[in-house]
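Following this message is one structure expressed as structure tokens.
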Amino acid sequence: MTENWQDPEAVRLMLDDLETWAVVGLGGDPSRTAYQIAQLLQQRGKRIVPVHPRGAEVLGEPGYTSLAEIPFGVDVVDVFRRSDQAGRFADEAVAIGAKAVWFQLGVVDEDAFARTTAAGVPMVMDTCPAIEWRRRG
């Protein structure tokens, strides 16, 4: 099933066409990967929405404690959580009407992938926007 996890069309859709990225696990620590990738997303013209239990402002954007709390539409839910915790965020992404779900490098939940794509929501798993942008040149 691994080959479907990084469907080139799903990657293209998210990187090229979708603008508002809720970043689950994004806190204010610049040494964390979530922070660095959120910064890259901003540099690439994306709007980031921090989602973290503290709900703190990060990179100039107000934070929220949950996806359900975000008062506007979200295009991509980008998940920086351990694999055993990530699936619920995919389910929440579908519930809030997100257009796509991205599980970061090392985050794999085959059942969540099956549920999300069965709901008609494109999903990418076990890769990173930085890797995919580099791969594209």
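Where does the chain land at 222 nm, in deg cm²/dmol rounded to the nearest 500, when only DSSP H runs of n ≥ 4 count, each adding -39500 (n - 2.57), divided by all residues?
-10000 deg cm²/dmol
To continue, here is another question. Identify the chymotrypsin sites (Phe, Trp or Tyr not before Pro) of the stretch 23-77 meeting these criteria: DSSP loop state and at most 16 other C-beta atoms within 10 Å of the C-beta.
Those that pass, being in a loop and sparsely packed, are PHE72.
Can you tell me the equivalent ellipsoid semi-axes for the chain? Use √(5λ) from the Cα gyration tensor, largest first, whole Å.
Calculated on Cα positions only, the semi-axes equal 20, 17, 14 Å.
Short version: ³J(HN,Hα) in whole Hz for each residue of the stretch 26-31, in order, from phi by Karplus 6.51 cos²θ - 1.76 cosθ + 1.60 (θ = phi - 60°), x for Gly and Pro, what are they?
Going residue by residue, I get 7, x, x, 8, x, 7 Hz, with x marking Gly and Pro.
Right, another one. Tell me, what is the percent relative contact order of the chain, built from C-alpha pairs under 8 Å that lie six or more residues apart?
Here the relative contact order equals 24 percent.
Right, another one. Within 10 Å, count the other beta carbons around each residue, average over each peptide in 79-89, 11-21, and list them highest first.
Peptide ranking by packing, descending: 79-89, 11-21.
Taken together, the values in this text are just the output of simple stated rules run on the coordinates, not laboratory data. The shown structure was predicted, so the numbers you read here are calculated from the model rather than taken from an experiment. In this analysis, Cβ positions are derived from the backbone assuming ideal geometry, glycine residues included, and neighbour counts consider all displayed protein chains.
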